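Report on the structure given below.
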Amino acid sequence: MTPRATLSETIEIEGETALCDRSGALYFPALDLLAVSDLHLEKGAAFARRQQLIPPYDTAATLARLAEVIAIYDPGIVVSLGDSFHDSAGAALMPGIFRAELSALIAGRDWFWIAGNHDPDAPEGVDGESVQEIAIGPLVFRHEPSRGPTPGEIAGHLHPGARLVARGRSVRRRCFAGDGRRLIMPAFGAYTGMLNVLDRAYAGLFDADGLFACMLGRQRVYKVTGSVLRPG
């Protein structure tokens, strides 16, 4: 199926063309690969087990968005870049209705669960292959970005967001952050926040002159250069 051209932005990472989708997913046409990061499935349930009650709708909302983007791109390979479940018990305790939805999305695809800091162990009772990281072509997919130059790295973990100020109005959005050599993906999960790409947590990860952010707007993705970004 033809991707939603108006809802994505085309970039290159180590020579591989990728589409930054407004949903927060990343698609590589030549590899037929879709990547998502930080789903944090069953976050509401994990909080409830700790007597912290938040609305229990995150898994349903996240799976619905994931199903939509998979239907659009119909990828042969899906890579989930860690923190797919909010804790190590999330997969085992996931309600049957959500487990069935997830199984239907996985069926017929090569699906890789990358270990995250929230879910370091293989998810229990779900299909797919669990790995620490995976290299495909010139790219390497892992949860936490490496310190120092790592060409072709696709990572998550930091939940990047970007802020602009224009005409006296401040706009903050989740974003893909990159410099053409590596990319850090936005969190895909419904109950996930964001950390400004100018925060010190990103220090040394990007070439300052090449930094860009693909911001997830309501109607489309907006690619902006690092020079127009603002802290906060």
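The values are calculated or read from the model by the stated rules, or taken from the named source; none is laboratory data. Nothing here was measured: the structure is a model prediction, and the numbers come from that model. Using ideal geometry, Cβ is built from the backbone for each residue, glycine included, and neighbour counts are taken over all protein chains shown. Surface accessibility is based on the protein's heavy atoms, side chains included, excluding ligands, DNA and RNA. Shrake-Rupley method; radii C 1.70, N 1.55, O 1.52, S 1.80 Å.
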- Message: So in region 171-190, with the set limited to residues that are in contact with a Ser or Thr (Cβ under 9 Å, 6 or more places away or on another chain) and of a type in the set (A, V, I, L, M), which one is most open to solvent (accessible area, probe 1.4 Å)?
- Response: 190
- Output the residue which, of all residues in region 74-89 that are surrounded by 23 or more Cβ atoms within 10 Å (Cβ to Cβ) and of a type outside the set (Val, Ile, Thr), is farthest from residue 26 (Cα to Cα). 86
- Task: Kindly indicate whether any position in region 33-45 is crowded, with 22+ Cβ neighbours inside 10 Å, modelled with pLDDT of 80 or more, within 18 Å of the chain's Cα centre (by Cα) and of a type in the set (Gly, Ala, Ser).
- Result: yes
- Report yes if residue 230 is among the charged types (D, E, K, R), open to solvent by less than 60 Å² (accessible area, probe 1.4 Å) and touching a residue at least 60 places away in the same chain (Cβ under 8 Å), otherwise no. no
- Message: If I filter region 148-171 for residues that are under 19 Å from residue 79 (Cα atoms), among the small types (Gly, Ala, Ser), at pLDDT 95 or above and assigned to a loop (DSSP other than H, G, I, E, B), do I get at least one hit?
- Response: yes
- Scanning region 142-152 residue by residue, the ones that are of a type in the set (D, E, K, R) and over 18 Å from residue 113 (Cβ atoms) total 1
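So is residue 201 outside any strand (DSSP E or B) and in contact with a helix residue (DSSP H, G or I) (Cβ under 6 Å, 6 or more places away or on another chain) or not?
Answer is no for this residue.
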- Task: Scan region 127-147 for residues that are in a loop (DSSP other than H, G, I, E, B), crowded, with 18+ Cβ neighbours inside 10 Å and touching a Phe, Trp or Tyr at 6+ places or on another chain (Cβ under 8 Å) and jot them down.
- Result: 128, 133
- Query: Right, residue 222: of a type in the set (Ser, Thr, Tyr), open to solvent by 70 Å² or more (accessible area, probe 1.4 Å) and touching a strand residue (DSSP E or B) at 6+ places or on another chain (Cβ under 8 Å) or not?
  - Reply: yes
- Query: Considering 168, 156, 193, 161, which residue is open to solvent by less than 70 Å² (accessible area, probe 1.4 Å) and either touching a residue at least 40 places away in the same chain (Cβ under 8 Å) or on the phi > 0 side of the Ramachandran plot (or both)?
  - Reply: 156
- Note on the structure: Only one of 56, 29 is surrounded by fewer than 17 Cβ atoms within 10 Å (Cβ to Cβ), modelled with pLDDT under 95 and within 29 Å of residue 217 (Cβ to Cβ), namely 56
- Task: Select from region 90-124 the residues that are assigned to a strand (DSSP E or B) and hydrophobic (A, V, I, L, M, F, W, C) and write down the one among them that is most open to solvent (accessible area, probe 1.4 Å).
- Result: 112
